[in-house]
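Rule-based calculations on the coordinates, nothing more; no lab input. In this text, all values refer to a predicted model and were calculated from it rather than measured experimentally. Neighbour counts run over all protein chains shown; Cβ positions are idealised from the backbone, glycine included.
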Amino acid sequence: MKSSFSRSFFTAATILLLALVVLGTSFQLQVNHYMEDTTVTGLQQDAAIIANLAAAYSVDGSLNSRDLLLNLDIISQVTDADVVICDHNGFIILCSDALTGCDHEGWQLNREYLTTVIEHGSYTATGVIKNLYPDERYVVSSPILNGDQAKGIVIVSAPTATTNQILNRISNIFLTAATFVVLLAVMAVTAFARRESRPLRDMAKAANAFAHGNLKARVRLEEDYSEEMEELALAFNNMALSLQKSEYQRQEFVANVSHELKTPMTTISGYIDGILDGTIPENRREYYLRIVSDETKRLSRLVRSMLDISQLQKEEGIPEDKKMHFDLEECAGQVLITFEKKINDKKLDVDVDFPEHPVYTFANRDYVTQVIYNLLDNAVKFCPEGRTLGLKIREGGNKAYISISNEGDTIPAEELPLVFDRFHKLDKSRSQNRDGWGLGLYIVKTIVCSHGENISVSSKDGKTEFTFTMPLVN
């Protein structure tokens, strides 16, 4: 198995080599293209100038002039190009290779090539000119025109070897620089990879210790950590803290469930035993059986609530096929009606604030109904007699905000982050409030989060308000 150091090293080396190859190849192609264009452009200009010069000589006499040959020689030396002049039949009559004549004179050019140059006005090619030059060349030919009559053509050429020599020199310089860069990069990558792999080894040790039961194992942050490594170390420590907290919560959950089950089970067992052994008189049996029935129903509600939570956590979100379009105003209104008797008994004022048009959402209606029911149930339960109960729906962006509030005692600031925890009760006494198990708000948060939405709580100046969001569908 490869280490992170070797993986980083070989990855960086491969990327560097590929980058250098691509850079070198593209650079050489660009330089080659530039030099070819420059050389050909220069030859085209030279061919045009020489053709005009030869045309001037052809007006007063023959192209086979000593003065024209001297001019060709000078131009050839200045431009480092070879020049030959052919007459209208394609025979070479002047050549810049020698002032006293050369072997090329009298050689006849291909008739088809001659016709092509005259018809097109100019012709550019790269290759070997057979029987004229043995090496590969850039060749530019232009016609010598006297009015509309072609007196011949000018062939200006330069060997491609000159350009290749320059390219070879550039390639050698690039290879030297690339070798130096590679060696420098290898040393830099080696040092970097070793430094970056050290925190990973520290994290592996911490993770191994955590896996063996040391829940306090953490990664120590160093000043020389990179930003990414620091974020990874912080994420690991946060994960370890979360797992440690989850383990403590699991232990607390087991203890709480045991405590919550023990009291009603003891009550049920004691009353039934009292009925069976005759301790409880016959005229009081119905009273105690009703208590047993109530405790049994409470146990049933606890089990049902825990099953609902387990199902939601198992699904990790509400499936799309269990969602539907419905009006939040209608849903909230129907739930509010079910609390009519409790509201009237406590003489509460109800402040309802809904938009004048329907507010549609796409969610699981049964679950949303349960969220509103649980929140209203808490709001009514903890709202003192004669005070105000609030239910508000508003729209913002692509969200619908449902708020349920009540006047009453302010929740202490230190308690607010805990109100959605399992089995959390503000009075810390299970016996003072036997109507609930401390699971209502936990179920609410679980349902809202399963929809991918948020819920928040605020409590100040004697008013507590819970607000949750649902997707808004126009």
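The modelled label-to-label distance between Thr279 and Glu112, using points 7 Å beyond Cα along the C-beta direction, is 12.3 nm.
Between the listed residues Thr279, Ile170, Pro355, the Cα displaced farthest toward the positive end of the dipole of the chain, a dipole computed from Cβ unit charges relative to the Cα centre, is found at Thr279. The simple spin-label model puts a point 7 Å past each Cα toward its Cβ; for Asn214 and Phe192 those points are separated by 3.2 nm.
Is segment 134-188 rounded, prolate or oblate when judged by the Cα gyration tensor, a ≥ b ≥ c being the square roots of its eigenvalues, rounded requiring a/c under 1.5 and prolate requiring a/b larger than b/c?
Values: a/c = 9.75, a/b = 4.56, b/c = 2.14.
Because a/c hits 1.5 or more and a/b exceeds b/c, segment 134-188 counts as prolate.
So what's the gap between the Cα centers of segment 152-186 and segment 322-351, to the nearest angstrom? Segment 152-186 and segment 322-351 have Cα centres separated by 84 Å.
Multiplying the residue separation of Glu231 and Lys322 by 0.36 nm and removing their Cα-Cα distance gives an extension gain of 29.0 nm. A protection proxy built from the mean count of other Cβ atoms within 10 Å ranks the segments 167-174, 373-380, most packed first, as 373-380, 167-174. For the modelled label position 7 Å from the Cα of Phe180 along Cα-to-Cβ, which residues of segment 28-45 have backbone nitrogen atoms closer than 18 Å? Those under the cut-off are none; the list is empty. Just going by the charge dipole of segment 318-473, with Lys and Arg at +1 and Asp and Glu at -1 on Cβ, which of Leu376, Ile318, Ile443 is farthest out on the positive end? Working it through, the farthest residue towards the positive pole turns out to be Ile443.
Treating r as the C-beta distance of Ser246 and Ala413 and R0 as 22 Å, the FRET efficiency rounds to 0.35.
Here the scattering of segment 318-473 is modelled by Debye summation over its C-alpha atoms, one equal scatterer each and no solvent; at q = 0.10, 0.12 Å⁻¹ the log10 of I(q)/I(0) is -0.35, -0.50.
Where both bridge residues fall in the chain, DSSP classifies roughly 90% of the beta bridges as antiparallel.
Shown here is the pair-distance distribution of the chain: with all Cα-Cα distances grouped in 20 Å bins from zero up to the longest one, the shares run 16, 24, 16, 14, 16, 11, 3, 0 percent.
Among Met229, Met203, Met239, sorting on how many other beta-carbon atoms sit within 10 Å of each Cβ, with the fewest leading, yields Met239, Met203, Met229.
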